[in-house]
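Worksheet: the structure to be examined is printed underneath.
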Amino acid sequence: MTPASANDLLIPEEDLNRLRHCRHHNPHGFYGWHATADGSVVRTRQIGAEKVELVLGDTQIVMDPIGDDIFAIKLGNREPLDYRLRVTWPEQEPVVAADPYIFLPTLGEMDTYLISEGRHERLWDVLGANVKTYETTLGQVRGTAFAVWAPNAIGVAVVGGFNGWNASQHAMRSLGGSGVWELFIPNIGAGEVYKFAIQTREGHRRDKADPMARQAELPPATGSIVVESDYQWQDSGWMDKRAEIDTASTPMSVYEVHLGSWRWGRSYADLATELVDYVADLGYTHVEFMPVAEHPFGGSWGYQVTGYYAPTSRWGSPDELRKLIDAFHTRGIGVIIDWVPAHFPKDDWALARFDGQALYEHPDWRRGEQKDWGTYVFDFGRNEVRNFLVANALYWLEEFHVDGLRVDAVASMLYLDYSREHGEWEPNVYGGRENLEAVQFIQEMNATVQRVHPGALTIAEESTSWPGVTAPTWDGGLGFSLKWNMGWMNDTLEYFSNDPIHRSFHHNELTFSLVYAFSERFVLPISHDEVVHGKGSLWNRMPGDTWNKAAGMRTLLAYMWAHPGKKLLFMGQELGQRDEWSEGHELPWGVVEGWQGEYHEGISDLVRELNSTYKEVTALHQRDFSGEGFTWNKADDASNNILVFTRYGDDGSQALCVFNLSGTSQPEYQVGVSGGGSWRLVLNTDDEQYHGANNPLPETIEAEKVDRDGFPYTTTLHSPAMSAQFYVWEG
């Protein structure tokens, strides 16, 4: 140690003033170890400390207080060395820790380059809060590396209970033109609550939740939480085979779930047993979670996201969500999550105006705001924003092993004039209404997901006639695996809401879907959106008394499972739930547990049988996306409200699907078929096990060599009122 001169120890006043107010881009230039002309200096700022000592091996040297809670010491002519700081605060035991300001940046030049280019596919490994361990001369140092993108900020600090939320204790350094700020803090580990204190150009401090946080406090608290996972996955067999699955030719029926209201008060851990058992018992191939990313308002159902990388804490920890997904995979059930890249809420502590200016959102209100929802729209043309979203898609697939992303509100991204009046939108560079930057983002996301995680699905909720939603990106398409068929859903529910005596005037509402059924790779969705906001449940859309409502629901579900396309049904509809869904109430389990209602257990049993039959009869799923898998047998019998069509499998199998949607039975209905000989009954919604009328139907029907309806054979069958039957050809 050598005598210290004031000039050696002090920080220039201009820099000191900026450091005092967390407005300095390079606090590492003054704190930590630094060489001087005649030795070296160590400085540290320890807010409120009584004494700070420099620890060099077994030696402890008291550092000089030089004002502003800064302690410094001159060490003489020495090379860089490893040391610790022993800090004593009033009425506390001394704490020994490594100095945050002696560590090299935790992001390398390639990281910052890829972030600026928008191509860092593991963004969560370098931004946010990552627990790290370093080997040093004096031993192992464990702590957390914090990094955040805030290019418009003039200063950024990590704040939390560990530093009294004081922004001048852990100021971060700017990594040049990348806009990234970084700091490694020793002795900070999993469980610590933190935020980023951002000093804006306008002179304001804004405490922001970490956009890359892996966990957040339970709402209404808004802090981010340092998290570290040691979860050991058990689904390697599932993950290995996923890439080999051909979605087009395999059965896919999806049970859509709002985790908080399936059964009230259940956690991820509870659901890993109860929900998994339930979905497996009903025979679904997939489950779809409404958004599980963190959101402040439960009434948004998760569609206004504030923590894109943080599973909501409402139902447990991130590892408990991993365990839930793992449990589904163990039972052979895929997991899809709803993903919301179209917009985000305006909460002041989250993404909105993150560093004081429009950053994640587009700066032009005509592109940057979604007025209907009171949200901001992402700036899809900005590299770093596009990277944030593409990496987020990969994050859920990589870190949580999800099997697919159902992408919400795609239409709102594609069109510049979506839900906007004249003067509220600006055409693209070619004068059109297409959002070219959003199209590029969607294509990049889909192509990247399919390259990095073959077999993972991306599913578009897209309600317009945009061409090529499921066409490959190399052919100019958007590149989604599947698209929700909103037209089928609207027409079908409108038809079934009519009294049978009026349905003959709406017959084309059911037949029209086959005009375009093979133009995209479709999912048939009856989702949460169809049973809320005054629309009522499926049960209450059915006309007539309780028997007819139940019969109508059974027929609707059979029609859905027979129609080309994959299937999605929202929870509660498999029970014939009478009231429309509310996130504040659990499903009406009493209707199937014997103490409330009637017919509902039969609907549940039918869903189970539909899933079983759908899997077993290859003709019902092998050619969902090909016109070769479908033909009409009776499409024009509007007067009798009857539809008959045949589904074909690659193996020559045939399934004859018969629907009587009237109130009148047809005991000897003749229809032309393509196969002669026997047709075996494999499903009948009128059966007593489903609480139907139980009309006696033969187990097999015969097809004779008589031309009818353009087919070489004719069969005569009994089609009970308000029912559906599936027959398979046995030759």
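The values are calculated or read from the model by the stated rules, or taken from the named source; none is laboratory data. For clarity, every value in this text was computed on a predicted model and none was experimentally measured. A quick note on method: Cβ atoms are made from the backbone with ideal geometry, for glycine too, and the neighbour counts reach across all protein chains shown. When the accessible area is computed, the model is the full protein with side chains, heavy atoms only, and any ligands, DNA or RNA have been set aside. Shrake-Rupley method; radii C 1.70, N 1.55, O 1.52, S 1.80 Å.
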Criterion violated by P296 - all others in (1) at negative phi; (2) buried (at least 19 other Cβ atoms within 10 Å of the Cβ); (3) in contact with a helix residue (DSSP H, G or I) (Cβ under 7 Å, 6 or more places away or on another chain) satisfied: (3)
Out of H295, H258, sole residue that is touching an Asp or Glu at 6+ places or on another chain (Cβ under 8 Å) and of a type outside the set (D, E, K, R): H258
Residue within the range 41-51 that is farther than 19 Å from P186 by Cα and crowded, with 17+ Cβ neighbours inside 10 Å present: yes
Residues satisfying the stated conditions in the range 226-275, i.e. surrounded by 14 or more Cβ atoms within 10 Å (Cβ to Cβ) and free of Cβ contacts under 8 Å to residues at least 24 places away in the same chain: D270
The range 391-408, residues that are open to solvent by 10 Å² or more (accessible area, probe 1.4 Å) and either closer than 23 Å to G118 by Cα or among the polar types (S, T, N, Q) (or both): E398, E399, D408
Qualifying residue in the range 678-687 (condition: without any contact (Cβ under 8 Å) to a residue 24 or more places away in the chain and open to solvent by 20 Å² or more (accessible area, probe 1.4 Å)): yes
Failed item in (1) crowded, with 20+ Cβ neighbours inside 10 Å; (2) assigned to a loop (DSSP other than H, G, I, E, B); (3) not polar (S, T, N, Q), with V671 passing the rest: (2)
All positions within the range 208-233 that are charged (D, E, K, R) and touching a strand residue (DSSP E or B) at 6+ places or on another chain (Cβ under 8 Å): K208, D210, R214, E217, E228
Top-ranked residue of the range 376-390 - restricted to ones that are of a type outside the set (K, R) and assigned to a helix (DSSP H, G or I), ranked as surrounded by the fewest Cβ atoms within 10 Å (Cβ to Cβ): N383
Among the residues listed as A456, A517, A447, the single one being of a type outside the set (D, E, K, R), within 21 Å of L436 (Cβ to Cβ) and at pLDDT 95 or above: A447
Identity of the residue in the range 520-550, among the hydroxyl-bearing types (S, T, Y) and within 26 Å of the chain's Cα centre (by Cα), that ends up modelled with the highest pLDDT: S527
Residue in the range 579-597 that is modelled with the lowest pLDDT, counting only those that are aromatic (F, W, Y) and open to solvent by less than 60 Å² (accessible area, probe 1.4 Å): W589
Unique residue being open to solvent by 10 Å² or more (accessible area, probe 1.4 Å), within 26 Å of F522 (Cβ to Cβ) and modelled with pLDDT under 95 when the list is S419, S412: S419
